[in-house]
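The values are calculated or read from the model by the stated rules, or taken from the named source; none is laboratory data. On a predicted model such as this, the values are computed, not experimentally measured, just so you know. Quick reminder, even Gly has a Cβ in these numbers, built from the backbone with ideal geometry, and neighbours come from all protein chains shown. Surface accessibility is based on the protein's heavy atoms, side chains included, excluding ligands, DNA and RNA. Shrake-Rupley method; radii C 1.70, N 1.55, O 1.52, S 1.80 Å.
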Amino acid sequence: MIQKYNCSNGVRIIHEKMPHVQSVAIGIWVHAGSANETKEQEGIAHFIEHMLFKGTDTRSARMIAEQFDQIGGDLNAFTSKEMTCYYTTVLSHHASYALTVLADMFFHSKFKEEEMEKEKSVILDEISSVEDMPDEDVDERLWEAMFPEDPIGRPVGGRIETIKSFTKEMVEQFLVKHYRPENLVISIAGNYDERLIKLIEANFGNYQSKEQAPVLLHEERVPNFTAQQIIKAKDIEQAHVCFGYPSLPSTHDKIYELSLFDSILGGTMSSRLFQEVRENRGLAYSVYTYYAAYENAGSFVIYCGTSPENFEETYRTIDQVIGEVLHDGLTDKELRNAKEQLKGSFVLGLESSESRMYRNGRNELVLGKHQTIEQVVNHIENVEKRSVYRLGQQMLESKRATSIIAPKTNIQQFKKLQN
């Protein structure tokens with residue numbers, strides 16, 4: 001059973017006991033990501049995530065790494081468009097120690113100038129590595145095409161010029177504004193006892209926002225979707241394309257329909273796109289769909305990477321499959337298989353303490369509510385085929401954004417295809 005405890009300062013503790021495991025996963029979730037940045041701050045949420053590993057008043061970066069190695073624990077973090085999470089998974093008897101180190105990192109990181117400069121270089125290399133991977137680069141550019149005027153369209157890692165400009169003062173301003181008790185969720189899952197809950201409250205239940213920071217209310221803005229096209233020439237062998245369609249926010253009551261439509265069109269090996277593009281025609285190794293749902297916006301994306309000589313046929317085949325779905329609808333078998341696949345991936349994905357911690361932390365931070373496994377499975381079972389089709393129709397009949405990265409020698413051909 002998922003339980004919730006509210007600290008007096010606004011920090012929320014979400015915990016779920018799993019007596020059959022020997023581990024505990026602990027996550028510090030902050031309701032702040034790249035969507036909260038100004039243009040001058042692009043990448044600062046991700047930069048702060050990196051810096052929390054670089055040393056505190058009493059621990060160096062090396063000591064932090066060694067202390068988790070000494071207990072056989074995993075320590076990591078990630079930043080997304082809407083949140084940042086610092087998490088660890090350890091054996092149950094090391095949970096209190098791991099929490100103490102995590103709290104030290106969260107509250108007492110030093111942000112030394114020399115460490116900041118070193119980490120800027122690391123992140124610049126990380127940005128360059130994305131540009132060296134066209135399948136990732138084409139996706140990032142798609143988000144810029146879909147939401148050019150909103151922070152949600154910007155890359156989480158930031159831009160070279162903004163990364164270089166970060167100062168300790170800029171970091172502290174972002175922390176004061178966003179790393180506040182009411183924006184914080186501590187999620188734990190695994191084999192623990194009440195002493196760990198008390199230790200969490202002792203570490204996180206008393207800190208307060210700085211007085212000069214106004215109460216932060218998350219904006220209810222709805223980003224404007226645009227059907228732009230971005231084409232980039234690059235010295236590569238394959239051509240990569242992403243199509244983006246406006247979709248649902250994470251709080252929408254049709255989110256299960258979206259998951260099922262994603263599975264049917266391109267999310268599995270038996271999906272329409274995979275079977276037609278790869279299996280039947282042999283046009284591409286990689287073709288798939290995914291959806292991304294955020295608080296006030298969402299997108300449904302189709303990706304494919306193929307050879308330049310097959311690109312035009314692949315492009316038209318994708319459109320052909322879309323047209324068939326819109327004209328013919330979905331079959332009962334497709335819906336039945338999609339439901340079983342979605343239920344299976346959901347349930348099997350919750351067998352570890354880390355996956356439970358992740359699910360609960362995100363649900364509390366974004367949705368503010370929790371459902372049992374049985375409730376989710378029932379929701380999936382009760383979805384009707386016509387509802388899935390109508391949602392797919394609504395998305396795929398919208399004007400789409402397009403992102404293409406292709407070899408320089410073929411770029412004019414692909415530009416003509418867009419026209």
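A few comments on the model shown:
- Cα gyration tensor category, rounded, prolate or oblate, for the stretch 215-351 with a/c compared to 1.5: oblate
- Couplings 3J(HN,Hα) of the stretch 159-169, computed from phi: 10, 4, 5, 6, 4, 5, 8, 5, 10, 4, 5 Hz, in residue order, whole Hz [Karplus 6.51 cos²θ - 1.76 cosθ + 1.60, θ = phi - 60°; x for Gly and Pro].
- Within the stretch 140-287: Cβ-based charge dipole about Cα centre, in debye rounded to nearest 20 (Lys, Arg +1; Asp, Glu -1): 320 debye
- Using a probe of 1.4 Å, the accessible surface attributed to Leu199 totals some 50 Å² when neighbouring protein chains are kept in position.
- 12 Å beta-carbon shell around His93, net charge (K/R +1, D/E -1): 0
- Going by accessible surface with a 1.4 Å probe and the largest first, Lys81, Lys118, Lys168 read Lys118, Lys168, Lys81.
- Crossing angle, helix 332-348 versus the chain [Cα axis fit, 0-90 degrees, rounded to tens]: 20 degrees
- Unit Cα scatterers, Debye sum, the stretch 54-134: log10 I(q)/I(0) for q = 0.14, 0.15 Å⁻¹: -0.59, -0.66
- Dipole magnitude of the stretch 320-366, debye to nearest 20 (Cβ charges: Lys/Arg +1, Asp/Glu -1, about Cα centre): 220 debye
- Straight-line cross-link partners of Lys408 among the lysines, defined as a Cα under 29 Å from its Cα and at least 8 positions apart when in the same chain: Lys232, Lys234, Lys399, Lys416.
- The chain: angle of helix 95-108 to the longest principal axis, Cα-based, in degrees nearest 10: 90 degrees
- Taking Cα centre as origin and charging only the Cβ of basic (Lys, Arg, +1) and acidic (Asp, Glu, -1) residues, the dipole magnitude of the chain rounds to 560 debye.
- Between Gly298 and Ser247, the built amide H atoms are under 5 Å apart, and every one of these is 5 or more places off in sequence or on another chain.
- Spatial separation of Cα centroids for the stretch 53-129 and the stretch 232-260, in angstrom: 31 Å
- Cα-based Lys proximity count in the stretch 1-99, under 30 Å, for pairs eight or more positions apart or on separate chains: 6
- Relative contact order of the chain, taken over Cα pairs closer than 8 Å and 6 or more residues apart, is 23 percent.
- Counting only residues at least eight positions apart within a chain, or on another chain, the lysines with an alpha carbon under 21 Å from that of Lys339 are Lys254, Lys385.
- Positive minus negative residues near Asn337 (Lys, Arg vs Asp, Glu; Cβ under 15 Å): +1
- Under a 5 Å amide H cut-off, with hydrogens placed 1.01 Å from N, Ser286 pairs with Gly305 among residues at least 5 apart or on other chains.
- Annotation: per residue accessible area for the stretch 279-419 equals 50 Å², rounded to a whole number [probe 1.4 Å, protein chains only].
- Structure remark: mean-square fluctuation, Gaussian network model of the chain, C-alpha springs under 10 Å; the largest value among Gly298, Gly344, Gly392 belongs to Gly344.
- Comparing Gln393, Tyr285, Met105 along the charge dipole axis of the chain, the residue lying farthest to the positive side is Gln393, per the Cβ-charge model.
- Sum of side-chain charges, Glu119 neighbourhood, beta-carbon under 14 Å (Lys, Arg +1; Asp, Glu -1): 0
- Evaluating 6.51 cos²θ - 1.76 cosθ + 1.60 at θ = phi - 60° for every residue in the stretch 45-54, the Karplus couplings come out as 4, 5, 5, 4, 3, 5, 5, 5, 9, 9 Hz, glycine and proline recorded as x.
- Cα gyration tensor shape for the stretch 130-184, rounded if a/c is under 1.5, else prolate or oblate: prolate
- Taking all Cα pairs closer than 8 Å and separated by 6 or more residues, the relative contact order of the stretch 83-182 comes to 22 percent.
- Cα-based helix-to-principal-axis angle, 61-70 vs the chain, degrees rounded to 10: 90 degrees
- Whether the stretch 42-95 is rounded, prolate or oblate, judged on the alpha carbon gyration tensor where a/c under 1.5 counts as rounded: oblate
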